[in-house]
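Q: Pasting in a structure now, in structure tokens, and then I'll have a few things to ask.
The values are calculated or read from the model by the stated rules, or taken from the named source; none is laboratory data. It should be emphasised that the depicted structure is a prediction, and the values quoted were computed from it without experimental measurement. Cβ sites come from the backbone with ideal geometry, for glycine too, and all protein chains shown count toward neighbours.
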Amino acid sequence: MTQRYATIDENGELVGCYSDDINKAIPRDATPITDEEWVRLRKLAGEWMIDPASKKVTARPAPTPEEAAEKAAIARSNQATARLAEIDDESVGLLRTYVASKPDAPAKIKALETEAQEEKGYIIEKQPEHIGPADTGRAAPGT
């Protein structure tokens with residue numbers, strides 16, 4: 001029978017999940033857990049923890065109002081940062097296209113715009129899930 005394990009830090013935060021049929025070495029400080037707890041911890045690590053005192057898998061305590069407000073502020077900040085990056089990306093492309101269209105645009109800008117247009121031809125808008133960023137399978141331009 002397979003035995004599952006978890007390691008935690010001093011606050012009960014999950015550090016790692018192990019299974020003796022997968023992992024050759026299990027840390028000495030690992031806590032034995034059930035298959036159900038192993039799945040729960042791996043899928044819902046943010047909602048579950050191992051109580052440092054009892055070594056039992058327990059639901060994470062609800063955050064205080066201050067913690068919830070801080071988490072919401074961080075999430076909104078991350079969302080704003082991501083959107084700003086999208087805006088910047090789109091703006092740069094639009095500016096490059098605009099400047100390159102001018103008769104007196106620097107040759108370097110025109111060359112970069114030409115290259116950008118060629119690269120856009122390789123972009124797949126919705127990639128299959130099994131293809132990652134490094135696995136493009138793309139041929140070099142002109143081949």
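Q: Take D21 and tell me if it is surrounded by fewer than 10 Cβ atoms within 10 Å (Cβ to Cβ), modelled with pLDDT of 90 or more and not in a helix (DSSP H, G or I).
A: Here the answer is no, as D21 does not meet what is asked.
Q: Limited to the stretch 5-18, what total is found for residues that are in a loop (DSSP other than H, G, I, E, B) and loosely packed, with under 15 Cβ neighbours inside 10 Å?
A: 4
Q: Filter the stretch 53-69 down to residues that are closer than 13 Å to T31 by Cα and surrounded by 11 or more Cβ atoms within 10 Å (Cβ to Cβ), then give me how many there are.
A: Taking the stretch 53-69 as the starting set, the residues that turn out to be closer than 13 Å to T31 by Cα are 53-57.
Keeping just the survivors that are surrounded by 11 or more Cβ atoms within 10 Å (Cβ to Cβ) gives 55-57.
Of the residues in the stretch 53-69, 3 are closer than 13 Å to T31 by Cα and surrounded by 11 or more Cβ atoms within 10 Å (Cβ to Cβ).
Q: Looking at T2 and the list (1) over 19 Å from the mean Cα position of the chain (by Cα); (2) outside any loop (DSSP other than H, G, I, E, B); (3) more than 30 Å from E119 (Cβ to Cβ); (4) β-branched (V, I, T), which single condition is not satisfied?
A: (2)
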